[in-house]
Structure formats: C-alpha cells, structure tokens
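> Next up is a structure, given as structure tokens.
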C-alpha cells in the first residue's frame with residue numbers, strides 16, 4: 001500500500017470516527033429520555049442512568065400522560081393538539097410573509113436593502129426573555145391570554161425575520177433572468193414568482209420550514225408566559241409542569257418528551273431530502 005493511499009484511508013477513518021463520536025454525543029440524551037420513560041422511580045434514582053430496564057420495564061408513565069386530566073393523568077393528547085395547531089399556523093404565516101419579504105429584498109433594487117436584511121438578523125439575536133414582559137402586557141391588553149392566536153402571533157413575529165434571512169439567500173441564488181424570460185412569455189411578476197421561482201426555491205423553502213417547525217414546536221418561554229390553562233398550553237409547558245416544589249417526576253417528563261419527539265422525527269424524516277438540498281444551495285451573493 002502506497003503512503004498516499006494509507007494517508008487517505010487514515011484521514012477517512014478519522015473522519016468517520018469523529019462523525020460516530022458526534023452522533024453518539026447527540027443521540028445519548030434522546031436514548032436516556034426514551035429508556036427513562038419506561039423506568040420506575042426506584043430504577044431512575046437507584047439504577048445506572050444509561051442501563052435500560054430489561055425485566056422491569058413499565059408503561060405507568062405513559063398511562064399517566066395519556067389519561068384524561070382529573071383522572072390521575074394529564075391528557076397529553078390535548079397539549080399535542082395545541083402544539084400542532086400553533087406550529088402549523090405559525091409555519092403557514094411565517095413562510096408566506098417571510099418568503100414574499102425575502103423576494104422583495106432579493107429582487108428589488110432599493111437603498112439600504114443589505115442593511116435591512118442585517119437588521120432582520122439582529123432581531124433574531126434578541127433573547128426571548130428580554131422582551132417577555134412587554135409581550136405579556138401587550139397580549140394581556142389585547143385580551144388574548146390563554147389563546148392559540150396569541151402564541152401564533154408571537155411565534156410568527158419572532159420567526160419571520162429568520163425566514164426572511166434564510167429565504168433571501170436562497171432566492172438570490174436563483175437567476176433573475178429566468179423570471180425575465182417568463183415575463184417576456186406573458187407572465188406578470190406574481191405569476192413568474194409562483195411558477196418559476198417558487199419551484200426552484202423548493203429545497204430552500206423546505207429547509208426553512210423545517211427550522212421554523214423546530215422553533216415553534218420546541219418553544220417554551222412565551223408558551224409559559226401567555227398560557228395558563230390546558231386549553232391553550234403546549235406540550236413544552238406540560239413538561240415543565242411535572243416539576244413540583246418537592247419532587248421532579250423524571251419518568252413522566254421522559255414519557256412526555258418521548259411523545260413530543262415523535263412528531264418532530266416524523267416531520268424531519270419526511271423533509272430530510274429537501275433539507276439536505278436546501279442546506280447545500282449556494283451562499284448569499286451581493
């Protein structure tokens with residue numbers, strides 16, 4: 001074996017080793033959550049945290065979270081429904097508004113458009129806790145506390161700048177000449193956008209929608225501030241509710257978290273091909 005071939009194989013082996021180590025580190029918390037959801041309190045506090053409950057696995061934690069509220073349970077299905085409603089509406093609003101705004105920044109020549117795009121990114125840097133109290137007072141003054149609409153409105157406001165920033169980069173990679181050709185053939189600007197630009201930007205749209213889904217699905221701060229009843233609370237709030245003053249119900253938390261993970265895994269698995277294509281599209285061009 002030549003020295004060059006040996007070095008190439010060694011570099012490849014090291015690369016695979018790093019990837020495997022990274023995957024193990026990333027998957028370890030999920031593994032812990034799943035096995036803990038099948039453990040009793042005695043096993044959680046007395047056994048090894050990474051050992052699965054081989055002979056003493058229990059479904060008590062899942063039985064608790066799927067029971068109706070008030071019957072020794074928390075009815076996780078109701079909270080999941082709230083999460084799905086809020087997340088779906090948030091994705092729809094942010095993707096439509098954000099994509100149209102990004103199209104304007106990518107196509108129309110105007111003064112300060114780069115600065116405007118940068119300002120959208122700066123908005124994303126503001127921590128949610130920094131504006132939590134003002135947002136709460138505004139929502140309360142509008143009498144929207146404990147409603148899906150409040151969460152949809154706030155999530156959309158905070159995620160739309162991210163969508164604009166992402167989609168602007170994807171749209172700038174699509175040659176404007178393609179739209180010009182469509183307009184020469186008789187399309188107006190909106191038709192050219194819909195029939196030419198949107199199909200070509202589909203991978204970017206899917207990638208951005210995936211990150212938007214995760215942002216809304218896993219959000220906790222605003223959900224805990226703006227909701228206090230099961231009719232509007234999301235699953236992340238339910239998880240926090242399993243922590244009392246004198247005890248942390250780790251088994252219940254793990255069971256709810258496992259249920260919360262499943263829709264996210266299904267969604268990302270469905271979007272995986274588009275996500276990879278979207279993330280490998282070119283960088284922003286000026």
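> Quick check: pseudo-label points 7 Å beyond the Cα along Cα→Cβ at residue 3 and residue 231, how many nm apart are they?
7.7 nm
> Can you run the Rg to Rh ratio on region 3-63? Use alpha carbon positions and the Kirkwood inverse-distance Rh.
With Rh from the inverse mean 1/r over Cα pairs, Rg/Rh is 1.32.
> Follow-up question, since we're still on this one. What residue among 230, 53, 29 has the largest mean-square fluctuation in a Gaussian network model of the chain, using Cα springs under 10 Å?
29
> Here is a further query. Compute the length gained on full extension between residue 138 and residue 188: take 0.36 nm times their separation in residues and subtract their Cα-Cα distance, giving the result in nm to one decimal.
So the chain would gain 14.0 nm between residue 138 and residue 188.
> Cα convex hull of region 148-286: mean projected area in nm², to one decimal?
11.1 nm²
> Springs between alpha-carbon atoms under 10 Å, Gaussian network over the chain: tell me which of 25, 86, 76 tops the mean-square fluctuations.
The residue with the greatest mean-square fluctuation here is 25.
> If you line up the long axis of helix 202-217 against the longest principal axis of the chain, both from Cα atoms, how many degrees apart are they, to the nearest 10?
30 degrees
> Between 0 and 90 degrees, rounded to the nearest ten: what's the tilt of helix 250-279 against the longest Cα principal axis of the chain?
20 degrees
> Tilt of helix 132-141 relative to the longest C-alpha principal axis of the chain, in degrees (0 to 90, nearest 10)?
90 degrees
> Using the C-alpha atoms of the chain, what convex hull volume per residue, in cubic angstrom, is computed?
Spelled out: Cα convex hull of the chain, divided by residues, is 212 Å³.
> Moving on. May I ask you to compute the full-extension gain from residue 195 to residue 270, defined as 0.36 nm times their residue separation minus their alpha-carbon distance, rounded to one decimal in nm?
24.6 nm
> Provide the gained length on full extension for the span residue 245 to residue 100, in nm with one decimal, where the gain is 0.36 nm per separating residue minus the Cα-Cα distance.
47.5 nm
> How do 79, 16, 103 line up, fewest other C-beta atoms within 10 Å first?
By the 10 Å Cβ count, ascending, the order reads 16, 103, 79.
Rule-based calculations on the coordinates, nothing more; no lab input. Quick caveat: nothing in here was measured; it's all calculated off a predicted structure. Backbone-built Cβ (ideal geometry, glycine too); neighbour counts: all protein chains shown.
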